[in-house]
Amino acid sequence: MAEKFKTSVGGQALIEGIMMKGPQKICTAVRRPDGGIETKEESSAHYAWQKIPLVRGVFGMVESMIVGYRCLMYSAEISMGEEAFQQEESKLDKWLREHLSEKVQNFIMSLAAVIGGLLAIVLFTVLPTAIVGGLAKIVPLDGWRALLEGILKMVIFVAYLALVRNMKDIKRMFRYHGAEHKTIACYEAGEELTVENIRRHSRFHPRCGTSFLVLVLLVSILLFSALPWSSTGLRVVLKLFLLPLVMGISYELIKIAGRYNNIVTRIISAPGLWIQRLTTSEPDDSMIEIAIAAIQPVLPERPEDGKW
């Protein structure tokens, strides 16, 4: 099961499905209520910023949130069945679908995805600062403020993952996440994409969204430790201002960790791989079948065209 090459092909777990993104195509595969597999293919966009270090990390994350949210909504519709999905639709969603064009709906969905993602990041950034700032008014923390804030940030993140992991739908989604990683690992090993071959591979993968988020947290802890503590409000503002830089650095680190295999890159990858024990689970064969259906259409004709 030795890895032959590292591919840029990546994906995302969905509701009863998986999205895979290759150099030229994106494919979403979802299990229908009747047991069949529904797939949808689209072109993968290419932009000038994808080649600019630091900048590509920020824009790449925004793009991932937009594409991921759109595919997530598609998977919900297909996996539930059109009739059941329409019954579950909110009045607002129904009004938007009936009165607005598809392009406007996609724009609103994209905006909602970006805002939701940014709010989550802000929450993990601002909340620990506010808590430690308030605590410092009661208990003298001296030089331990930055360390305490970093520990609190990681505790909140891990506690959140451990909590949502027990939800029924999220638990299945994390199993699809495992299927996604196993399938990519099998492809990187140069093996035929069969259920039997894929099942033998690890569900942990260094080039994962979970690992990226963990790096964002760790880089922010190191970078923000140098910020002044004279004002909690000022510290929050500076953190928000530096957040794009944090994401840019984290992306470059995961690019390096995904491209090379040495003691330094293994250290960089280790925290993310550990947290993946919470965000991935072992899939069943039907989930692996979905992963195969999603990845096959996006694979380049020549594997070297999709090198990481």
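The values are calculated or read from the model by the stated rules, or taken from the named source; none is laboratory data. Given the structure is predicted, the values throughout are model-derived calculations rather than measurements. Please note: Cβ atoms are built from the backbone with ideal geometry, for glycine as well, and neighbour counts cover all protein chains shown. Heads up: the accessible areas ignore ligands, DNA and RNA and are worked out on the full protein's heavy atoms, side chains in. Shrake-Rupley method; radii C 1.70, N 1.55, O 1.52, S 1.80 Å.
Couple of notes before you dig in:
- Under the simplified labelling scheme, the residue 230-residue 242 pair shows an inter-label distance of 1.5 nm, with each label point 7 Å from Cα along Cα→Cβ.
- Stokes-Einstein diffusion of the range 139-272 at 10 °C, 1.306 mPa s viscosity, Kirkwood radius from Cα pairs, rounded to a whole number: 92 µm²/s.
- Each peptide in 249-257, 40-48 was scored by the mean count of other Cβ atoms within 10 Å over its residues; highest first, the order is 249-257, 40-48.
- Theoretical FRET efficiency, 1/(1+(r/R0)^6), r = Cβ-Cβ of residue 200 and residue 43, R0 35 Å, to 0.05: 0.60
- Each part reduced to its alpha carbon centroid, the range 160-178 and the range 40-66 end up 26 Å apart.
- Taking Lys and Arg as +1 and Asp and Glu as -1, the other residues whose beta-carbon sits under 13 Å from that of residue 196 total -1.
- Positive contributions from Lys and Arg (+1) and negative ones from Asp and Glu (-1), summed over other residues with Cβ under 9 Å from the Cβ of residue 25, come out at -1.
- Total charge dipole magnitude, the range 118-215, about the Cα centre, Cβ charges on Lys, Arg, Asp, Glu only, Debye to nearest 20: 340
- Taking amide H as placed 1.01 Å from N in the peptide plane, the amide H of residue 14 sits under 5 Å from that of 19, each at least 5 places away or on another chain.
- For the range 141-229, the set of trypsin sites (Lys or Arg not before Pro) satisfying both a DSSP loop assignment and a count of at most 13 other C-beta atoms within 10 Å is given as 200.
- Surface accessible to a 1.4 Å probe, residue 34 within the full protein complex, Å²: 110
- The 3J(HN,Hα) values that the Karplus relation (6.51, -1.76, 1.60; θ = phi - 60°) gives for the range 253-258 are, in residue order, 5, 6, 5, 5, 5, x Hz. Gly and Pro appear as x.
- Whole-Hz couplings from phi, Karplus 6.51/-1.76/1.60, listed for the range 143-155; x for Gly and Pro: x, 8, 4, 4, 5, 4, 5, x, 4, 4, 4, 5, 5
- Extent along principal axes [Cα atoms of the chain; Å; largest to smallest]: 61, 52, 40
- Within straight-line cross-link reach of residue 182, lysines at Cα separation under 21 Å, skipping those fewer than 8 residues along the same chain: 4, 6, 21, 25, 171, 255, 307
- 15 Å beta-carbon shell around residue 35, net charge (K/R +1, D/E -1): -4
- Amide hydrogen neighbours beyond the local backbone of residue 37, cut-off 5 Å, H modeled: 32
- With Cα atoms, 0 to 90° folded angle of helix 168-188 axis to the chain main axis: 70
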